Amino acid sequence: MKRIYLDNAATTAAAPEVVEAMLPYFTQVYGNASSIHATGREAKRAIEAARRQVARALNAAVPQEIYFTAGGSESDNWAIKGAACANRKKGDHVITTAIEHHAVLHTCQWLEKQGFRVTYLPVDADGKVSVSDVEKAITDKTILVSVMAANNEIGTLQPIKEIGALCRAKGVLFHTDAVQAVGAIPLDVQGMHIDLLSLSAHKFHGPKGVGALYVRKGVRLENLVHGGAQERGFRAGTENLPGIVGLGKAIEMAAEKLPENAARMSALRDRLIGGITARIPDVRLNGHPVDRLPNNCNMSFKYIEGEALLLRLDLAGVAGSSGSACTSGTLDPSHVLLAIGLPHAIAHGSLRLTLGTDTTEEDIDEVLERLPPIVQSLRAMSAMNASNML
Ligand SMILES: *Cc1c(COP(=O)(O)O)cnc(C)c1O
């Protein structure tokens, strides 16, 4: 039985080209980029080449606007805590949304404990933030707006460019968590008026544990990690050289193949959504029907438990997720599904299937074969349980 991996929002396989590009930096060019000898200088050159690759993919004005980090969570923490602390004198108010990743939400909750005020904007039934809600929430004490480019659970895309233009006009910093968006939708930090942007290599076929924060020139951020003078004194710690090289290669490949990958994945995604809807009654699609990530299918199945469905699918060789991998293991329904207004019972019966650049039509058709009998059998069991309880 072929195992089918449809949990690419949780993490992706590193592309072979990425691994190949990284390998020499473990055993041959292993110098510390801060050293002045030849291997140190070569390491430094590789890091600067990767910085240019990231800058190009995001249309940053200069490569110096890219800072390497240990991943999406660190980038989100740094952007929000760093901007809040650096602008404390100007104001104490931050605006974000109810459907952000926990790397943003829990950071904002921490800020509240430090005396900042945070507005958590609601979203509509499709998971969209309203630009006019952002505008109404901005006061003369607002220092930062943080709205994700694309949601990791339901795939909804946000009006980032409009929110960026609004924040720029109001003189408020704009951060976007673009961890799910890189490689999936075109990003242009200048055209979209973005001041701070978080990304993470392992979400676009790069290695785990490495990411970047784009910081527009002129934006002041307090350090998150203090220590040595790496990253021009703004992010201490000996650089993750192979990881940074892998990130550079992965983002270059993702940007190059974006139109092709996005078109192929959206077609497969629609085949999956259409196939499930046609074969299984009492299902609903979560997230925006059109403005959604090309690789995201999130559906609720009435009368069943998402965790049970996941386990049965895993036995049938299909890897999916019931929401965000970080929260599975708890019994609370996803904060995103509750924010779009799903009742607890429906939210509990949700399944997220996320495609990768390597997903094939055969994979999708296999899932459409394997999924319906599992749903049917779980529903038969739950109906039996319900009648036993009477
Ligand atoms: C995965 C993810 C993160 C966290 O990134 P890590 O590199 O795993 O720390 C943050 N935000 C979103 C939207 C994500 O999908």
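Derivation of every value follows stated rules applied to the coordinates shown; laboratory data play no part. Values in this document were obtained by computation on a predicted structure and should not be read as measured data. Here the Cβ positions follow ideal geometry from the backbone for every residue, glycine too, while neighbour counts run over all protein chains shown.
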Inset, instruction - Starting from residues that are within 12 Å of residue 244 (Cβ to Cβ) and outside any loop (DSSP other than H, G, I, E, B), keep the ones in region 58-77 and report whichever is nearest to the ligand (Cβ to nearest atom). - result: 69
Legend entry - Members of region 65-111 found to be free of Cβ contacts under 8 Å to residues at least 60 places away in the same chain and among the acidic types (Asp, Glu), listed by number: 92
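For residues that are assigned to a strand (DSSP E or B), more than 7 Å from the ligand (Cβ to nearest atom) and either surrounded by fewer than 23 Cβ atoms within 10 Å (Cβ to Cβ) or not hydrophobic (A, V, I, L, M, F, W, C) (or both), tally how many sit in region 200-214. Outline the logic, then answer.
Restricting attention to region 200-214, the residues satisfying the condition of being assigned to a strand (DSSP E or B) are 200, 211-214.
Those left that are additionally more than 7 Å from the ligand (Cβ to nearest atom): 212-214.
Pick out the ones that are also either surrounded by fewer than 23 Cβ atoms within 10 Å (Cβ to Cβ) or not hydrophobic (A, V, I, L, M, F, W, C) (or both) and you get 214.
Looking only at that region, the number is 1.
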Inset, instruction - Please determine, by comparing only the residues of region 225-263 that are outside any loop (DSSP other than H, G, I, E, B) and touching a strand residue (DSSP E or B) at 6+ places or on another chain (Cβ under 6 Å), which one is farthest from residue 376 (Cα to Cα). - result: 231
Inset, instruction - From the list 98, 43, pick out the single residue that is within 16 Å of the ligand (Cβ to nearest atom) and closer than 29 Å to residue 11 by Cα. - result: 98
Legend entry - Matching option when the condition is closer than 30 Å to residue 355 by Cα, of a type in the set (D, E, K, R) and surrounded by 21 or more Cβ atoms within 10 Å (Cβ to Cβ), among 51, 3, 56: 51
Legend entry - Scan of region 178-202 for residues that are touching a Gly at 6+ places or on another chain (Cβ under 7 Å) and either at negative phi or of a type in the set (Gly, Ala, Ser) (or both), ordered by number: 179, 192, 194, 198, 199, 200, 201
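Residue by residue, here is whether (1) of a type in the set (Gly, Ala, Ser); (2) surrounded by fewer than 20 Cβ atoms within 10 Å (Cβ to Cβ); (3) within 16 Å of the ligand (Cβ to nearest atom) holds:
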| position | (1), (2), (3) |
| --- | --- |
| 274 | yes, yes, no |
| 283 | no, yes, no |
| 302 | no, yes, no |
| 313 | no, no, no |
| 318 | no, no, no |
| 321 | yes, no, yes |
Legend entry - Count - residues of region 113-133 that are surrounded by 14 or more Cβ atoms within 10 Å (Cβ to Cβ) and either closer than 21 Å to residue 293 by Cβ or of a type in the set (Phe, Trp, Tyr) (or both): 11
Inset, instruction - Have a look at 196, 221 and point out the one that is crowded, with 19+ Cβ neighbours inside 10 Å and within 16 Å of the ligand (Cβ to nearest atom). - result: 196
Legend entry - Boolean, residue 244 is more than 22 Å from residue 84 (Cα to Cα), surrounded by 24 or more Cβ atoms within 10 Å (Cβ to Cβ) and among the β-branched types (Val, Ile, Thr): yes
Legend entry - Failed item, numbered, when residue 104 is tested on (1) within 11 Å of the ligand (Cβ to nearest atom); (2) of a type in the set (Val, Ile, Thr); (3) touching a Lys or Arg at 6+ places or on another chain (Cβ under 9 Å); (4) closer than 29 Å to residue 257 by Cβ: (3)
